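J.: My questions all concern the structure below.
The values are calculated or read from the model by the stated rules, or taken from the named source; none is laboratory data. Small disclaimer: the values here were computed from a predicted structure and weren't measured. Glycine gets a Cβ as well: all are built from the backbone with ideal geometry, and neighbour counts include every protein chain shown. Protein only, heavy atoms only, side chains kept; ligands, DNA and RNA dropped before computing areas. Shrake-Rupley method; radii C 1.70, N 1.55, O 1.52, S 1.80 Å.
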Amino acid sequence: MDYDAIVIGSGMGGLASASVLAARGLKTLIVERNPTHGGYLASFRRGGYLFDSSIDCIAGAGPGGLITKLLDLNGAVDSVKFVPIEPVRLSIFPDFQIPVDSTTEAYEDRLKRLFPHESAGIAALIKSMERMFSAMMLVTELSQHNFLNSGGGFNSGAASEIARLQDISYGEFLRGYVNDSRLVAALSDRCPFTGLPPTGVSALTMVTLIMSYFHFGAYRAIGGTQRVADALVKGIRQKGGAAITGAAARRIILDGARAVGVVLDNGAQYQAKYIISGCDYYHTFHGLIGGEYAALAGEAIERVGVSTSFFIVYAGVSGLAGPPASSIGYFPSYDIEEIFAGGIDSTIGITVATVEDPGRAPAGGHTVVLHEMVNGEKFTIDRRRAAEIALKKTGCVLSCELSLPKLIETAIPSTLTYYTGNRAGAAFGWRQGPGYRGKIPINAIENLYMAGHWDDMGGGVLAAAHSGVRAANRILQREGLASID
Ligand SMILES: Cc1cc2nc3c(=O)[nH]c(=O)nc-3n(C[C@H](O)[C@H](O)[C@H](O)COP(=O)(O)OP(=O)(O)OC[C@H]3O[C@@H](n4cnc5c(N)ncnc54)[C@H](O)[C@@H]3O)c2cc1C
């Protein structure tokens, strides 16, 4: 046996798994097809400006957060400095702006001040979200230690409440508490993160997403998200793990229905007791395994669908005085459903990371990254024209002129697929509609685990990390070793 575990892909999911396994002394190999590690954590430089390729902000990177714990486990906690983002988000609507505070208390007070006639509903909603989130965290913790699968530990009313949230839409959930369409719009301001309208996204996904920023903070990595990946890989190596770049897994070797090794595209072949796939689900089951599992992958994609992708514009800007926030959502209307239906102008996300991290631009400059959600499965665009429109819109929001010559780079769904292998440029793995979790066969092959946003723990960096830790803990348990919290 060459390794105890081989991890395919070094996005947050794969790195979380490898961090835990290497820290517990398992002989671990990471295989990454790109020249650099990180997947969507990648950062890049153009013309003196540093851009994060994808991510606006990361939850769980503060004291006690999972990202911090993983860095700590690797002896790398001092290698990356994170700064909290405050406000977490500024949502701009036609005639009002609403900052999302970093605590539920402050946000609840703000909402009540703006919508006094909805005070009772707001209080009940926040209370319910808090309760759901606590229950969800307990489920996540128990599933990390496999207690749920072994039938122990969790059998309360919270389980049925979570199941209910998983099966209804966020829109339906909100309607149980509030009515004012402007308030509903404000509370739906993070729906574009998932690419789904309030009536199309699972309530559980949205409650978890919103509450995780309140509970685990929203952070920016000074010097770029790439540093998180690099620090983790350095730590994994120091713990005795190995990490290869520039070599893709081409095939997962099966012995019957058991994964036993990996063949790389450079011809190298390694045997391992456990395989973890940190990459696209369809690619894993259709491309790397094939046979009867190819159909399984096709059916899962058909049944669940993939998440949104994004058109991204990366601009280096000078002369931008005092942006109102570093993470902004712009909505041309309160009718969020209609925006998603394409009947109104699109919503846009704006990240000005230089607000917290001025070192990303030459003196006095800023990096402005625009995210516009798009369907990666049917996407055609005139990039230049789309960039022009997006920059103009952003210029209005930031009260400055952002003209095309300042444009540095754009990315479309195929760019995201090219760099990460995610199907249709999916930003968050699966489409997170109501009921999606139970529909994904993730344990189809013995000794093969999924880690990352194609597992069933949701999309985003923190969810990918939780999934990676869960996969590693399952292996540790099988080896009779202590799992990590
Ligand atoms: C535009 C955009 C904005 C986002 N904003 C946020 C945000 O603000 N906050 C947040 O938390 N999340 C955000 N996300 C989502 C988040 O980035 C992802 O959910 C998360 O990073 C996924 O991590 P992962 O490990 O599952 O996969 P990935 O990051 O996709 O990593 C997969 C890795 O596997 C490698 N790989 C693929 N095939 C092979 C192979 N055959 N052999 C070897 N290696 C292979 C890839 O090269 C890649 O490195 C955003 C995503 C996008 C695209």
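J.: Using the heavy atoms of the protein chains and a 1.4 angstrom probe, tell me the accessible area per residue for the chain in square angstrom.
T.: 38 Å²
J.: May I ask you to evaluate 6.51 cos²θ - 1.76 cosθ + 1.60, the Karplus curve with θ = phi - 60°, for each residue of the stretch 164-181 and list the ³J(HN,Hα) values in order in whole Hz, giving x for glycine and proline?
T.: 5, 4, 5, 9, 10, 7, 5, x, 5, 4, 4, 4, x, 10, 9, 10, 3, 5
J.: Convert each backbone phi in the stretch 253-266 into a coupling constant with the Karplus relation 6.51 cos²θ - 1.76 cosθ + 1.60 (shift: θ = phi - 60°), then list the ³J(HN,Hα) values in order as whole Hz, x for Gly and Pro.
T.: So the J values, rounded to whole Hz, are 7, 10, 10, x, 9, 10, 7, 10, x, 9, 9, 9, 6, 8.
J.: Using alpha-carbon pairs under 8 Å, 6+ residues apart, how would you state the relative contact order of the stretch 337-485 in percent?
T.: Value for the stretch 337-485: 11 percent.
J.: If you don't mind, another one. Can you work out the Karplus-derived ³J(HN,Hα) for every residue in the stretch 335-341? Use 6.51 cos²θ - 1.76 cosθ + 1.60 with θ = phi - 60°, whole Hz, and x for glycine or proline.
T.: Per-residue couplings from phi come out as 7, 5, 4, 5, 4, 5, 6 Hz.
J.: Could you please state, rounded to a whole Å, how far the C-alpha centre of the stretch 227-299 is from the C-alpha centre of the stretch 11-73?
T.: Here the answer is 17 Å between Cα centres.
J.: Another question, if that's okay. Using just the helices of the chain, give the 222 nm mean residue ellipticity in deg cm²/dmol: DSSP H runs with n ≥ 4 each add -39,500 (n - 2.57), and the total is spread over all residues, rounded to 500.
T.: The per-residue figure over the chain is -11000 deg cm²/dmol.
J.: How do M137, M450 rank by accessible surface area computed with a 1.4 Å probe, from largest to smallest?
T.: In descending accessible area the options line up as M137, M450.
J.: Sticking with this structure for a sec: Quick one: dipole size for the stretch 308-427, taken about the Cα centre, charges +1 on Lys/Arg Cβ and -1 on Asp/Glu Cβ, in debye to the nearest 20.
T.: The calculated dipole for the stretch 308-427 is roughly 380 debye.
J.: I want to verify the translational diffusion coefficient of the chain in µm²/s; compute it with Stokes-Einstein, Rh as the Kirkwood radius over Cα pairs, at 4 °C and 1.567 mPa s.
T.: 57 µm²/s
J.: Quick one: check the C-alpha center-to-center distance for the stretch 200-219 versus the stretch 438-485, whole angstrom.
T.: 20 Å
J.: Could you pull out which residues in the stretch 74-109 have an amide N less than 11 Å from a spot 7 Å beyond the Cα of D485, following the Cα-Cβ vector?
T.: Residues passing the 11 Å test: none.
J.: Let me ask you something else. Between G171, P434, A221, whose Cα lies farthest towards the positive end of the dipole of the chain when Lys and Arg beta carbons carry +1 and Asp and Glu beta carbons carry -1, centred on the Cα centre?
T.: A221
J.: Here is a follow-up. Keeping every protein chain in place, order R164, R175 by accessible area at 1.4 Å, biggest value first, i.e. largest first.
T.: The most accessible residue leads, giving R175, R164.
J.: Using a 1.4 Å probe on the protein chains only, how many percent of the accessible area of the chain belongs to carbon and sulfur?
T.: 50 percent
J.: Where a ≥ b ≥ c are the square roots of the eigenvalues of the C-alpha gyration tensor, would you call the stretch 19-86 rounded, which needs a/c under 1.5, or, failing that, prolate if a/b is larger than b/c, or oblate?
T.: Cα axes put the stretch 19-86 in the oblate bin.
J.: Multiply the residue separation of E299 and A247 by 0.36 nm, subtract the distance between their alpha-carbon atoms, and state the gained length in nm to one decimal.
T.: Full extension from E299 to A247 adds 15.9 nm.
J.: Still on this structure, please answer the following. Could you state the angle between the C-alpha long axis of helix 12-23 and the longest principal axis of the C-alpha atoms of the chain, as a value from 0 to 90 degrees rounded to the nearest 10?
T.: Long axis of 12-23 versus the principal axis of the chain: about 40 degrees.
J.: Give me the accessible area of K112, 1.4 Å probe, in Å² rounded to the nearest 10.
T.: Accessible surface of K112 is approximately 60 Å².
J.: Also: Projected onto the charge dipole of the stretch 308-427 (+1 at Lys/Arg Cβ, -1 at Asp/Glu Cβ, origin at the Cα centre), which of S326, T380, G342 gives the Cα projection farthest towards the positive end?
T.: Final value for the positive-end residue is T380.
J.: Ok, one more. Using only C-alpha atoms and all pairs of different ones, pull out the Kirkwood radius for the stretch 335-474 in Å with one decimal.
T.: By the Kirkwood definition, the hydrodynamic radius is 17.9 Å.
J.: How much of the DSSP beta bridge set in the chain is antiparallel, as a percent to the nearest 5?
T.: The antiparallel proportion sits near 70 percent.
J.: How much accessible surface does E130 have with a 1.4 Å probe, in Å² rounded to 10?
T.: Here the accessible area works out near 50 Å².
J.: Points 7 angstrom from Cα along the Cβ direction at R45 and A321: gap in nanometres?
T.: 3.1 nm
J.: Please list, ordered by chain and number, the residues whose modelled amide H lies under 5 Å from the amide H of M450; skip anything fewer than 5 residues away on the same chain.
T.: Amide H neighbours of M450: S277.
J.: Let me ask another. Based on the alpha-carbon gyration tensor of the stretch 101-217, what equivalent-ellipsoid semi-axes (square roots of 5 times the eigenvalues) come out, in whole Å, largest first?
T.: In descending order the semi-axes read 26, 15, 13 Å.
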